[in-house]
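Visitor: Structure in structure tokens, see below.
The values are calculated or read from the model by the stated rules, or taken from the named source; none is laboratory data. What you see is a predicted model, and the numbers here were worked out from it, not measured in a lab. Backbone-built Cβ (ideal geometry, glycine too); neighbour counts: all protein chains shown.
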Amino acid sequence: MALSYQELRAAVPVVLQAGHVPNIVGEAGIGKSALVADIATQMGAQLFTTVVSLSEKGDLAIPVPPLTTDSFVQTKFGRLADVQFGYAHTLIEIIQFAEKQPDKPIIWFLDEFNRGSQAVQSELMNLVLQRQINDITLPVQVQLIIAENPDAQMAGFNETFYGVTAGDDAIKDRTTRLVMRVDITDWLTWARAQDAHGQTHIDPAICDYLAAHPTSLRPVKHDDDVYPTPRAWQRVSDVLRQLATLPVAQQNALRFDLLTGDLGLTVGMQFDQFLGAAVTVAELLSSDDTTTFMQLSIGAQQALLVEAGTDSDKLLTNPENAKRWLTLMRLLPSDGQYAVVHTLGNHSGWLAGLTTMPTIRDYVLSVLNQTI
């Protein structure tokens with residue numbers, strides 16, 4: 001079982017108030033950090049964050065030499081140095097904040113916990129299990145939350161391949177694992193809500209698109225490289241709002257590449273068309289005009305030619321469309337032509353299907369052999 005964003009907003013405080021440590025487990029980019037920030041606001045707590053994956057052993061506390069003569073202890077067995085510790089700035093800030101505001105709750109969020117090295121995780125064990133770092137005990141109002149990416153050893157995540165370091169059994173036994181899932185209804189409720197300035201959290205065009213294509217929020221099947229996540233859609237929203245400040249011609253030239261840079265080619269192209277792409281595949285193949293095509297970015301040109309190439313009804317069975325496709329392909333630079341052909345070649349049986357169109361087949365083979 002897994003919980004939605006809204007369900008976790010209720011569940012995490014329950015675990016904290018029971019005196020335990022919630023361990024939020026979820027895929028990268030689905031909103032774990034945003035959830036913790038939201039919970040901190042909801043509880044009226046001051047939030048401090050440590051990204052464990054960026055930490056090194058000794059970052060929280062590192063031994064330092066004795067600072068005064070009082071730090072030396074004389075015994076009949078010899079003189080001993082009472083070793084002191086230097087503490088991380090985050091811990092110092094937490095202690096100082098707790099002293100100044102002893103009645104205000106504090107949340108210390110240890111993000112990407114299982115992406116830290118084994119040495120770092122071991123150093124944090126005492127913090128999570130005993131609320132201590134060497135001779136420092138956390139103030140009572142400090143509550144801990146950890147977040148992890150899925151581990152293939154976790155139930156329900158057998159097919160995940162994150163670069164994580166499996167956690168110690170003691171962590172599993174002393175924390176409450178809460179698995180987070182992507183829920184489109186929850187996300188859209190948040191996305192359409194307005195901030196203090198009256199602006200929706202996410203651009204309305206994105207909300208409309210995802211309402212019509214809910215699986216695109218976090219596709220199960222996606223491109224191998226870049227693909228959508230809730231965090232990626234938030235970046236796209238920020239980019240669209242900034243893009244709107246540019247001249248229209250510049251917006252058209254940049255938009256496709258900016259979208260695919262966050263969403264990947266498949267969803268990025270679909271969303272670009274939803275926003276009103278400069279040309280569709282049908283328009284691309286039905287007109288002899290090349291001006292509009294040449295005004296597109298290279299990325300948009302390639303995406304349209306890939307889409308046209310995978311549609312046998314429009315290309316492989318229609319000589320006129322095939323001729324048009326070849327004409328447009330040859331307008332691309334050599335590396336662009338290769339990229340389109342290479343992408344199409346990854347579609348099962350695509351090259352074999354070109355037997356009915358020898359002109360295209362010969363062209364494709366020449367591109368693959370880099371003889372163009």
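Visitor: Quick one: which residue in Gly345, Gly349 is at positive phi and at pLDDT below 80?
Guide: When all the criteria are applied, what remains is Gly349.
Visitor: Quick one: Gly19 ticks every box in (1) within 24 Å of Glu93 (Cα to Cα); (2) part of a loop (DSSP other than H, G, I, E, B); (3) at pLDDT below 90 except a single one, so which number is it?
Guide: Here Gly19 clears every test but (3).
Visitor: Considering every residue within region 184-198, establish whether at least one is at pLDDT 90 or above, surrounded by fewer than 17 Cβ atoms within 10 Å (Cβ to Cβ) and assigned to a loop (DSSP other than H, G, I, E, B).
Guide: no
Visitor: Residues being surrounded by 20 or more Cβ atoms within 10 Å (Cβ to Cβ) and outside any helix (DSSP H, G or I): count how many of those fall in region 243-294.
Guide: Residues meeting the conditions: 1.
Visitor: From the list Leu258, Leu254, Leu240, Leu263, pick out the single residue that is free of Cβ contacts under 8 Å to residues at least 24 places away in the same chain and within 17 Å of Gly299 (Cβ to Cβ). Show your work before the answer.
Guide: Details: Leu254 fails: free of Cβ contacts under 8 Å to residues at least 24 places away in the same chain; Leu240 fails: free of Cβ contacts under 8 Å to residues at least 24 places away in the same chain; Leu263 fails: free of Cβ contacts under 8 Å to residues at least 24 places away in the same chain.
Just one listed residue meets the conditions, Leu258.
Visitor: Being modelled with pLDDT under 95 and among the aliphatic types (A, V, I, L, M) is the filter; apply it to region 44-56 and report the residue that is surrounded by the most Cβ atoms within 10 Å (Cβ to Cβ).
Guide: Val52
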